[in-house]
Amino acid sequence: MSLPAVGLTSEQGPRPTMEDEVIIKLNQSLPSNNLLQPPISFFAVLDGHGGRAAAIYTRDHLFDNLLNSLNTSTVENALVQAYQQTDKDFEKKHSREPRVQDYISSKKLFEKFQPQQDRSGTCAVSCLIEHNQNKLWCANAGDSRAILVRKCNGVLGLTKDHKATRPDEIQRIEKAGGHVVMNRVEGILAVSRSIGDTELQANDSKLVLPDPEIRCVDLNDPNTGKCLFSHLVICCDGVFDVMSNEQVAEFVKSNSELTPKEISEKLVEKCLDELKTSDNVTVLIFNLNSEDVDNDLSSKVERQSSSHSWNTVYGHHTWRKCNSDASIDELSDPKAT
């Protein structure tokens, strides 16, 4: 399987802040002692809540933690360990940062240091592809989703939402000493698994877990050796709040003559303008049939800014974000930079 093209579009939508982040790693080599056969590709959509710190931290550390775990573990265990390690390190970093509080007393200025506990968290759905073996692993914690669009119509859902209303999650939370109140963990959080959300993991209670559920899929038909799927689609819940897996798959298939970038743009536009989603919207599409699209891997973009970071991104993508000044920052073609 050759390396196909990838398209990305992300918009803030009606929310006052943008809390989505992404990881895109294509054609990555690995140490010789690794269990996987390179090249591999890794994608993740991170849907932050309660602030951006957890999503940014996960963006910057999840893949490296995965590579470290792959040296000593199976792929399934390595994915779980990477999520757990990222969560553990985030909690350690953000629960010990001092905060300076200035206050005036008796006309003197004092500095009062208090531990600052960041309360942000992030849902994290990621996919790892071993190209030479045509295998895909999906790891998910939260309510973002990944789907595979079948060539012969239909869709294969790779994730199951971790909502606080899921019966098995309710049972786990109550066994840990917690409660689900008004469909939220302790009346606070609508998802039952995420990275961060340290206030719901106090004293090792782990009411909200970082542990992802894992699914492994063979992409090729064992009889013909041909890929069974046309596209991998990874989106935040801003899409799936207003569309089902089947509807997203049908939308992608009906626009299959377009590039992944163009499909992602149209899907985001549909969710925001037609279906009126109330959330941030991020759509990442990976085409599993490189012969069907223009796949220019010669262009590489590394973008660093205060709000988003691009890490070795190949192919075609668009990033659009409304900032506090209501202006649009758009990157529509890597060749233009």
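Bear in mind that the values in this text are calculations on the coordinates, not laboratory data. A quick note: this is a predicted structure, and the numbers were derived from the prediction, not measured. Please note: Cβ atoms are built from the backbone with ideal geometry, for glycine as well, and neighbour counts cover all protein chains shown.
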- line: Going through 88/163; 93/163; 163/270; 93/206; 92/160; 163/276 one by one, the pairs whose alpha carbons sit over 20 Å apart turn out to be 88/163; 93/163; 163/270; 92/160; 163/276
query: Ranked highest first by average number of other Cβ atoms within 10 Å, how do 218-230, 153-165 line up?
result: 153-165, 218-230
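Show me 279-287, 38-46 ranked by packing, highest mean number of other Cβ atoms within 10 Å first.
Averaged packing, sorted descending, gives the order 279-287, 38-46.
Quick check on the exposure proxy: order 131, 231, 179 from fewest to most C-beta atoms within 10 angstrom.
Working: 131 20, 231 26, 179 13.
Ascending number of Cβ neighbours within 10 Å: 179, 131, 231.
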message: Run the numbers for residue 17 and residue 71: contour at 0.36 nm per residue of separation, minus the present Cα-Cα distance, in nm.
response: 15.7 nm
task: Add +1 for every Lys or Arg and -1 for every Asp or Glu among the other residues with Cβ under 13 Å from the Cβ of residue 249, and state the total.
output: +2
message: Please list, in order, the residues from the range 206-223 whose amide nitrogen is less than 18 Å from a point placed 7 Å along the Cα→Cβ vector of residue 175.
response: 206-214
query: If you count the DSSP beta bridges with both ends in the range 161-291, what percent of them are antiparallel, to the nearest 5?
result: 90 percent
- request: Pop the C-beta distance of residue 186 and residue 30 into the FRET formula with R0 = 45 Å and round what comes out to the nearest 0.05.
  value: 0.65
